[in-house]
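Engineer: My questions will all concern the structure given below.
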Amino acid sequence: SHALVWLRRDLRLEDNAALFAALKAARQVYCSFVFDTDILAPLPRADRRVEFIHASVLALDADLREAAKGHGAADAGLVVRHGAAVDEIVRVATALGVQAVYASHDAEPAALARDAKVRGALADKGIVLHTVKDHVIFERDEVLTQTGNPYSVFTPYKNAWLKKVTPFYLSAWPVERYVERLAALPPALRQPLPSLADLGFEPSGLAQLRLGLGASGGRAMLAEFLERIDHYGQGRDFPAIKAPSYLGVHLRFGTVSIRRCAREAWQRTQAGSRGAEVWLSELIWRDFYHQILHHHPRVVGHAFKPEYDAIKWEHGKQADARFAAWCEGRTGYPLVDAGMLQLRKTGYMHNRLRMVTACFLVKDLGLDWRRGEAWFAQHLNDFDLAANNGGWQWAASTGCDAQPYFRIFNPVSQSEKFDPDGKFIKRYLPQLAALPAPAIHAPWRAKPMELIEANVVLGKDYPEPIIDHDEARKLTLERFGVAKAKV
Ligand code: FAD
């Protein structure tokens, strides 16, 4: 029998669940990737994610040939198509004469709708679409409360997750065991892979980021992180410190295996590493939001707690101008601005700053969290619908297990606490480089002499704050209070 693997968020050979399922079931296995025009069409022409995927797809093709070379199937490359997934997958599957297509689960509503269409179109040709879990450790109904309901609070979910996990759930799918089943492509399907330009995209400057690309890049970044994982717990809240793994984008596109990450963290946790324990907990947050999206798809566009859909957000010209200032890092609050500039310049934003900037948008500027969510979705390399929506609803206090609405980060105290010397701020706001702490956290409070010595003219070199935090705080308490009282 023949099978086709349709790779999507699992751009690696190692420990690939869909590939393993296909190899186990069929004697001849082909692999394909579709640059889906439905997804690509609305994106800007220079998009780091598209470039990351493109590089990872080229690497995957090379890995596939290398793996198949061992048994003489050097023409076992990846079939890469550019078009609507539903058309392309059916075309490739019929051209190859396969009986089944294998893919990994994708829990996003748009992906589920796409997969339903593909499943139907394949069924019309007598081909079955099998999908399997790959992207998370536990999904759907695998971790439920004792009464059989999904969890909506993290800590009990985490405890249940930790109770359920065993080496079985963390072990790799042994793809290499059946590697000789990777089949050579028929000549008609051996086409050169499209360049970025062929796809209609321009380089996005990804190369300057020193981000490892493809599965080998992911492996190297994980190996480097594991050497410093013990310090993750102490360092992870300080954006100037190299403490996080920066693996988000690799987890998003499956260029590292979540099982590998969780296994490494779990084993080190067992051996007493506090850093590994904290990191494992972050990976569990990832599973948590994933199952929230599965059980509550309405969170896309709506508050998890429906009473908060009644909140009246600021709108109009002033609100739009403030939103633009937030997006462009011109709020006058250095930590917020440095975070927003990090996002624009690199596609990455430190987790502490995601919390600070999101809270600032919602609770200082009074703007709808969905506007910020959409901005992050456009710019984050590791953008993931479940995690981004979860993060935003957490910060906006509208989500499951969110911070209570009266907990409002003070952007100046956050700055003093998590970037005490302003080291991170200076990286993204070099015009403030000569301003000493504490003035760097709130330049409008600096002594005139400090500004003169640092060569900073407020309103020219760096903006005055666009909002007064204490006043904004009062308005926010009212705004949320009214919505709550309506229930
Ligand atoms: P590390 O600190 O090394 O963590 C390792 C991995 O754990 C991450 O790569 C990620 O896969 C997972 N993880 C960590 N924290 C969380 C979390 N709170 N929720 C879910 N998964 C988590 N994460 C995304 O992957 N995509 C997003 O689009 C996203 N948007 C966010 C938006 C907001 C407003 C907030 C507050 C958080 C968001 N996060 C998102 C979560 C978190 O900020 C990032 O996962 C993390 O900063 C990525 O950097 P890292 O890979 O160096 O993480």
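No lab work stands behind these numbers, since they all come straight from the coordinates. Every value quoted in this text rests on a predicted model; they were computed, and no experiment measured them. Backbone-built Cβ (ideal geometry, glycine too); neighbour counts: all protein chains shown.
Engineer: Would you please give the residues with an amide H less than 5 Å from that of residue 397, counting only those at least 5 places away or on a separate chain, with H modeled from the backbone geometry?
Structural biologist: 403
Engineer: Could you compute the longest span of the chain free of GluC sites (Glu not before Pro) located in DSSP loops and having at most 12 other Cβ atoms within 10 Å, not counting the site residues?
Structural biologist: 1-226
Engineer: Now for a different question. Cross-link candidates for residue 125: which aspartates and glutamates have Cα within less than 16 Å, leaving aside residues fewer than 8 places away along the same chain?
Structural biologist: Hits, sequence-local ones excluded: 87, 88, 115.
Engineer: Then there's this: Within segment 385-487, which trypsin sites (Lys or Arg not before Pro) sit in a loop by DSSP and count at most 16 neighbouring Cβ atoms inside 10 Å?
Structural biologist: Here the sparse-neighbourhood loop sites are 407, 460, 486.
Engineer: What size of dipole, in debye to the nearest 20, comes out for segment 320-415 about its Cα centre when the only charges are +1 on Lys and Arg C-beta atoms and -1 on Asp and Glu C-beta atoms?
Structural biologist: Dipole of segment 320-415, to the nearest 20 debye: 180 debye.
Engineer: Would you give the gap between the C-alpha center of segment 35-108 and the C-alpha center of segment 173-243, rounded to a whole Å?
Structural biologist: When both Cα centres are located, 15 Å separates them.
Engineer: Also, quick follow-up: Provide the percentage of antiparallel DSSP beta bridges, counting only those with both residues in the chain; round to the nearest 5.
Structural biologist: 5
Engineer: Per DSSP helix of 4 or more residues, -39500 (n - 2.57); summed, then divided by the residues of the chain. What does that give at 222 nm, rounded to the nearest 500?
Structural biologist: Taken over the chain, the calculation gives -14000 deg cm²/dmol.
Engineer: Would you work out which of 438, 357, 306 lies farthest towards the positive end of the dipole of segment 306-485? Charges go on Cβ: Lys and Arg +1, Asp and Glu -1.
Structural biologist: It is 438.
Engineer: Run the dipole for the chain about the Cα centre, Lys and Arg Cβ at +1, Asp and Glu Cβ at -1, nothing else charged, and hand back the magnitude in debye, nearest 20.
Structural biologist: That gives a dipole near 500 debye.
Engineer: Mind checking which aspartates and glutamates have their C-alpha under 14 Å from residue 69, skipping anything on the same chain fewer than 8 residues away?
Structural biologist: 61, 176, 180
Engineer: Using the Karplus curve 6.51 cos²θ - 1.76 cosθ + 1.60 with θ = phi - 60°, work out ³J(HN,Hα) for each residue of segment 39-50 in order, rounded to whole Hz, and write x for Gly and Pro.
Structural biologist: Per residue, the Karplus-derived 3J(HN,Hα) values read 7, 6, 3, x, 7, x, 5, 10, 9, 4, 5, 5 Hz.
Engineer: What translational diffusion coefficient, to the nearest whole µm²/s, does the chain have by Stokes-Einstein, given a Kirkwood radius computed over alpha-carbon pairs, a temperature of 37 °C and 0.692 mPa s viscosity?
Structural biologist: 136
Engineer: Going down the table (242/426; 345/426; 317/345), which pairs top 21 Å between alpha carbons?
Structural biologist: Pairs exceeding 21 Å: 317/345.
Engineer: List the trypsin sites (Lys or Arg not before Pro) in segment 274-361 that DSSP assigns to loop (not H, G, I, E or B) and whose Cβ has at most 12 other Cβ atoms within 10 Å. Which are they?
Structural biologist: The qualifying sites are 312.
Engineer: Averaging sequence separations of C-alpha pairs under 8 Å and six or more residues apart, then dividing by the length of segment 2-134, give the relative contact order as a whole percent.
Structural biologist: In percent, rounded to a whole number, it is 34.
Engineer: With the cut-off at 32 Å, tell me which of the pairs 312/447; 133/305; 163/363; 117/163 have Cα atoms farther apart than that.
Structural biologist: Cα-Cα > 32 Å for 312/447; 163/363; 117/163; rest within.
Engineer: Aspartates and glutamates within cross-link reach of residue 474: Cα-Cα under 12 Å, excluding same-chain residues under 8 positions apart?
Structural biologist: The qualifying aspartates and glutamates are 364.
Engineer: In whole percent, what relative contact order does the chain give with Cα contacts below 8 Å and a gap of six or more residues?
Structural biologist: 16
Engineer: Non-local amide H neighbours of residue 75 (under 5 Å, H modeled in plane, Pro and chain starts lacking H): which ones?
Structural biologist: Hits under the 5 Å cutoff: 185.
Engineer: In whole Hz, what ³J(HN,Hα) sequence does segment 235-241 give by Karplus (6.51, -1.76, 1.60; θ = phi - 60°), x for Gly and Pro?
Structural biologist: These are the phi-based 3J(HN,Hα) values: x, 5, 8, 10, x, 7, 9 Hz.
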